[in-house]
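The values are calculated or read from the model by the stated rules, or taken from the named source; none is laboratory data. Everything numeric here is computed off the predicted structure, so don't read it as measured data. Glycine gets a Cβ as well: all are built from the backbone with ideal geometry, and neighbour counts include every protein chain shown. Each accessible area value is taken on the protein alone, full model and side chains, heavy atoms only, with ligands, DNA and RNA left out. Shrake-Rupley method; radii C 1.70, N 1.55, O 1.52, S 1.80 Å.
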2 protein chains.
Amino acid sequence: MSTVAMEAASVGAQLRPVGVIRSALKSRGDAPRQGSEGAPDAWVEVHPWAAEALKGLVAGDEILLITWLHEARRDVLQVHPRSDTSNPLTGVFATRSPDRPNPLGLHPVFVRAIEGDRLRVGPIEAIDGTPVVDIKPVLK
Amino acid sequence: MSTVAMEAASVGAQLRPVGVIRSALKSRGDAPRQGSEGAPDAWVEVHPWAAEALKGLVAGDEILLITWLHEARRDVLQVHPRSDTSNPLTGVFATRSPDRPNPLGLHPVFVRAIEGDRLRVGPIEAIDGTPVVDIKPVLK
């Protein structure tokens, strides 16, 4: 890829949050590593401009939330998995570390309820204030 | 979210491509709608600065590629699923339409081979030149 094309791709790839997580989990230290590890339910507050993109979602659906892990480090390329130094250094593309060049979080959750522009979802390990950048149905 | 916090989140969420898809599929018209619908294998060329993040991946792994669908429209909130006007207008968050506010592509693929900084993966419906923004292992 030429430098010019690289810059064009980079400039175009500016995420615009479509909503935000509202959770009882207030910090990374509070959060389990995966939703399946005892995480709570939370609210997704969808921003008004994006709300019509929810049409067709119903309680009981299984969806994927894609979040921007806004507290993650972007300069980390290798980690000890699960922060255990007895695990060998591993590339972040072979792990689910939140610290990675583009800290996108991927959360398979169930829709528990829909109230206007708010979705009750879970279980989810994302912390309060995490921007949501996409919502996709799980393909059956 | 206040306007200031919204702007801060938006400014921080600038994606930096970590690689690019090299595929025989050259345009959206050529591409099947999902990788499972007859898509070919393709190469992921990982940019040199990100290559050490691959350490630990091996042929046979199942991974998720997250791409930036650079030809998608970002101003679309509702679509007729599968471009069939007999399907009722549906919010893009209830569909896998590439046209959506943040056109992130999610591709579950197998690693066929690894050659230096290049991964042979498939099946994948992403077109040639699509930026790759993240690679994650599929959780067992």
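Worth a mention:
- Rounded to the nearest 20 debye, dipole of the protein assembly as shown from Cβ charges on Lys, Arg, Asp, Glu: 160 debye
- Computed from label points 7 Å out along Cα-Cβ, the spacing between B:Asn87 and A:Leu139 is 1.2 nm.
- In plain terms, the chain from B:Gln14 to B:Arg33 could stretch by 4.2 nm, reckoned as 0.36 nm per residue minus the Cα-Cα distance.
- Between copies, the label points of A:Ser36, set 7 Å from Cα on the Cα→Cβ line, lie 1.8 nm apart, reported in increasing order to one decimal in nanometres.
- Placing a label point 7 Å from Cα along the Cα-to-Cβ direction at B:Arg118 gives distances to the equivalent points in the other copies of 5.2 nm, listed shortest first.
- Cα centroid separation, segment A:54-111 to segment B:40-105: 16 Å.
- Point-charge dipole on Cβ atoms (K/R +1, D/E -1) for segment A:17-137, about Cα centre, debye to 20: 200 debye
- Gyration tensor (alpha-carbon) shape descriptor, segment B:69-140, a/c threshold 1.5: prolate
- Per residue, segment A:17-137 exposes 41 Å² of solvent-accessible protein surface, assessed with a 1.4 angstrom probe and all protein chains in place.
- Here the contact order of chain A, divided by its residue count and restricted to Cα pairs under 8 Å and six or more residues apart, works out to 39 percent.
- Interface area, A with B, accessible, probe 1.4 Å, both sides summed, Å² nearest 100: 4800 Å²
- Cα-based shape type of segment A:17-137, given that a ≥ b ≥ c are square roots of the gyration tensor eigenvalues and the cut on a/c is 1.5: prolate
- The HN-Hα couplings worked out from phi for segment A:20-34 by the Karplus form 6.51 cos²θ - 1.76 cosθ + 1.60 (θ = phi - 60°) are 8, 7, 10, 9, 6, 7, 9, 8, 4, x, 6, 8, x, 6, 9 Hz, whole numbers, x standing for Gly and Pro.
- Per-residue ellipticity at 222 nm, computed for chain B from helices alone with -39500 (n - 2.57) per DSSP H run of at least four residues, works out to -2000 deg cm²/dmol.
- A:Glu71-A:Arg112 FRET efficiency (beta carbon distance; Förster radius 30 Å; 0.05 resolution): 0.75
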